[in-house]
Amino acid sequence: MNHVEVKQNVIKVYTRQADDNGYSNDIAASVHIARVTETGDAEPFNNNYGVLFAKGAITADNTIKCKGLKNPSIYRAADDLFVIVAPLCAGGYEYDADTKGCAAMWVTSDLVDYSDMKMLYLNSDAFIDRLHISYSMEKGRYEIKWKDMDGRVYMNYCTDIVNQVDMSMPFLLNDTEIPECDTVSVDDDTLARMQDKMQSYRKGHEAEGAMKFSFPLASGWADPQIFAWDGKYYFIATNDNNNNIGIFVRESDTVKGLFESAEPVLILKDDKEKKLIQNFWAPELHVIGGDVYILFAVSGETFGPQCHMMKLKKDGCISHIDDWEEPVRVRRQNGEYLADAGITLDMTYFEAGGVSYLCWSYREHIFSEKDTGSMLYIATIDSENPYVLTSEPVLLSRPLWGWENTDGTINNEGPFALVRDGIVYLAFSGGSAVGDSYAVGYLIADEHDDLLNIVNWYKKPFPVHTSYTINGEYGPGHNSFFTDEHGNVYTVYHAKEKLSGTPRCTGVCRLEFDSDGEPYLVL
């Protein structure tokens, strides 16, 4: 397992130190990957942002304890596989009782797509500082040498490093050090694939009618969407400028006109009698069953946003307040509301494989010690009656990884789907919605699979749009997608012009697609 082919493409794994640019300990305590040049310089992948994050632990009261990683190592295993291992720690680089004798482990064939995180248990109550794995051909076993926090060196062995059914007890060695193994050599094809897949922002190609946008486009407008309908474009978003009261829309013949000349028009105002009072959050326009709907969350007098829908009347105009039917709160198939104890928000709609789906964020005990964090749920609906689910809600994703669960912010929210060439790219956001850690990730699935079965989804281990992606844009997140009349695809998102304390602003960036069809941002 410690055999390394002699090639010129050297790959290094490492962790980083936190900084004041939105890179906290929870994010820094992750596996980063770089190419080591012939001169010894490091060329980081993924904008020097983490690639592999420790999975947090779900507690008995359904909260999440964030975990981190330190001192990662990388090895070649059988069948041309790579194995990355790193001692487990608590949030940042601290330790807790759950991390005694534990390391995290990933297996990959290409250093791009990874297995789910596996645990390596070494039958010890000591905290692991560093470890090294090798395979003894003579003894037919894996040998794991590791050093504890007091500098003592131990060894375990087993014949199956993945399942660990015969992991030995540790025994003390006389070694004072264990070899570092933070680099591995790869062939040209592996390096090329890493370069193709692990750069989230790059120079684009010439594209007919492609538009470029400066940032910011609209100050104080968050959770944005651009929607094409009946020869017009519409812009809808959360209005931070008036404390999220009411829903506003802009209308224009062109996308750029939405930000150059169109004025926001009120299409849903606050109403105490109807309990539409505050938190008019994340409105989205969708065509469902041939009709236009707005999906949004709203609270009554007491904070507690819940998902609602509002249907456009037949032959109605999106920008006319009187052309909308009354808002309706979304219900389960048994007639009950989605939630009474918790909050629901950020609902989106998409069709995949001929099936209609709703996806939204749900959270319990917000602002308390028992905060579950926001979680993504998915369910089916009948497009003729989209207010009522036709399946039980299914938990799709929780913010278990360090980039999703950072600085006390525990978020999976803002889902929005791009369905292209048979694949669903369900974008979602993690980290702080108003902070510098906000970032966009992907859940990916084949559109013809059963999307209510979570095993059919692949959660990309690292975010695709962060404060490190585009210079001068901080905390990007809660994005949506739209396609122009030339077939060019864009992402719409909010971000900030400066670190902490500035308004959330709307940005738009064009997308292209890599060798696997996955979207990336372009200049």
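The values are calculated or read from the model by the stated rules, or taken from the named source; none is laboratory data. No experiment lies behind these values; they were computed from the predicted model shown. We place every Cβ from the backbone using ideal geometry, glycine too, and count neighbours over all the protein chains shown. In case anyone asks, the SASA skips ligands and DNA or RNA and just uses the protein heavy atoms, side chains included. Shrake-Rupley method; radii C 1.70, N 1.55, O 1.52, S 1.80 Å.
Couplings 3J(HN,Hα) for the stretch 331-345, derived from phi with the Karplus relation 6.51 cos²θ - 1.76 cosθ + 1.60 (θ = phi - 60°), are 10, 6, 5, 8, x, 6, 5, 4, 7, 10, 6, x, 10, 10, 6 Hz, where x marks Gly and Pro. You can think of it this way: the chain between residue 96 and residue 269 has 57.4 nm of extra reach, that is 0.36 nm per residue less the Cα-Cα gap.
Taking mean projected area of the Cα convex hull in nm² as calculated from this structure, the corresponding entry among (1) 27.9; (2) 34.7; (3) 25.7 is (3). For the pair residue 192 and residue 514, label points projected 7 Å from Cα toward Cβ lie 1.5 nm apart.
With n ≥ 4 as the cut-off for DSSP H runs, can you work out [θ] at 222 nm for the chain, using -39500 (n - 2.57) per run divided by the number of residues, rounded to the nearest 500?
Helix contribution divided over all residues of the chain: -1000 deg cm²/dmol.
With a threshold of 28 Å on the Cα-Cα distance, the over-threshold entries among 70/459; 65/197; 65/118; 67/197; 12/197; 118/139 are 65/197.
For residue 16, the residues 5 or more places off, or on other chains, whose built amide H falls under 5 Å of its own are 30. Within the same chain, lysines fewer than 8 places from residue 203 are excluded, and of the rest, those with a Cα less than 21 Å from its Cα are 212. FRET efficiency for the residue 60 to residue 340 pair, using the beta carbon distance and R₀ = 22 Å, is estimated at 0.45. Label reach from residue 331 (point 7 Å along Cα→C-beta): in the stretch 384-398, amide nitrogens under 16 Å belong to 384-393. Taking the protein heavy atoms of the stretch 136-254 in the context of the full set of protein chains, the accessible area attributed to carbon and sulfur is 45 percent at 1.4 Å.
For the stretch 467-479, the Karplus equation 6.51 cos²θ - 1.76 cosθ + 1.60, evaluated at θ = phi - 60°, returns couplings of 5, 9, 7, 10, 4, x, 10, 10, x, x, x, 6, 9 Hz by residue, with Gly and Pro reported as x. The simple spin-label model puts a point 7 Å past each Cα toward its Cβ; for residue 287 and residue 149 those points are separated by 5.9 nm. Annotation: aspartates and glutamates with alpha-carbon distance below 14 angstrom to residue 269 (same-chain offsets under eight excluded): 322, 323, 325, 326. By accessible area, using a 1.4 Å probe on protein heavy atoms only, the stretch 394-523 has 49% of its surface on carbon and sulfur. The slack between residue 230 and residue 444, meaning 0.36 nm per residue of separation minus the straight C-alpha distance, is 74.0 nm. In this structure, the amide hydrogen of residue 439, modeled 1.01 Å from its nitrogen in the peptide plane, lies closer than 5 angstrom to those of 430, counting only residues at least 5 positions away or on a different chain. Please work out whether the stretch 301-356 counts as rounded, prolate or oblate from its C-alpha gyration tensor, where a ≥ b ≥ c are the square roots of the eigenvalues and a/c under 1.5 means rounded, while otherwise a/b larger than b/c means prolate and anything else oblate? Taking the square roots of the gyration eigenvalues as a ≥ b ≥ c, the stretch 301-356 is oblate.
Subtracting the Cα-Cα distance of residue 471 and residue 214 from 0.36 nm times their residue separation leaves 91.3 nm of extension gain. Sequentially through the stretch 145-160, phi angles give Karplus couplings (6.51, -1.76, 1.60; θ = phi - 60°) of 9, 8, 10, 8, 5, 9, x, 6, 10, 10, 9, 10, 9, 7, 8, 10 Hz, Gly and Pro residues having no value and appearing as x. Separation of the stretch 361-427 and the stretch 456-521, taken as the distance between their Cα centroids, equals 18 angstrom. For residue 145, the aspartates and glutamates whose Cα comes closer than 17 Å to its Cα, not counting residues fewer than 8 places off in the same chain, are 125, 129, 160, 166, 175, 177, 180, 182.
Using the beta-carbon distance between residue 169 and residue 498 and R0 = 56 Å, what value does 1/(1 + (r/R0)^6) give for FRET efficiency, to the nearest 0.05?
Numbers: r = 54 Å, r/R0 = 0.96.
It comes out at approximately 0.55.
The mean accessible area for residues of the chain, using a 1.4 Å probe and ignoring ligands and nucleic acids, is 41 Å² per residue. In this simple spin-label model, placing a label point 7 Å from the Cα along the Cα-to-Cβ direction at both residue 277 and residue 182 gives a separation of 5.5 nm. Angle check, please: helix 188-197 long axis (alpha carbons) against the longest principal axis of the chain (alpha carbons), in degrees 0 to 90, nearest 10. That helix lies at roughly 30 degrees to the long axis. Computing FRET efficiency as 1/(1 + (r/R0)^6) for residue 121 and residue 14, where r is the C-beta to C-beta distance and R0 is 22 Å, gives about 0.35.
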